[in-house]
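Shown next, in structure tokens, is the structure this report addresses.
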Amino acid sequence: MAGYTGRMTDQRQYDSLEASELFCGTCKQAQPVRQHLLLVLPTGNKYEYRCAVCGTPVGAKDDTDASEYNSILSGRKLK
């Protein structure tokens, strides 16, 4: 395949996906969601997705970006 650079490149494209709509069991349909930061950990941040209509938690996401944790330890402010 011309232009194919491997599976790892393809995987990186999906590392930073964020949900815009998820199914809400309370509303019984897909609804817009809001992302809330729950924890800042040495291994990355933990987020929760909540329904924008009723506030019910509908999903979660963990990232592996430890820059926020490291900046807190060093006393620097984030951009």
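Details
- Relative contact order computed over the stretch 32-74 (Cα-Cα under 8 Å; 6+ residues apart), in percent: 35
- Amide H within-cut-off set for Val58, under 5 Å, with H built and near neighbours excluded: Tyr49, Arg50, Cys51
- log₁₀ of I(q)/I(0) at q = 0.20, 0.27 Å⁻¹ - the stretch 28-79, Debye sum with one point per alpha carbon: -0.70, -0.94
Only the coordinates and a few stated rules stand behind these numbers; no lab work does. Nothing here was measured: the structure is a model prediction, and the numbers come from that model.
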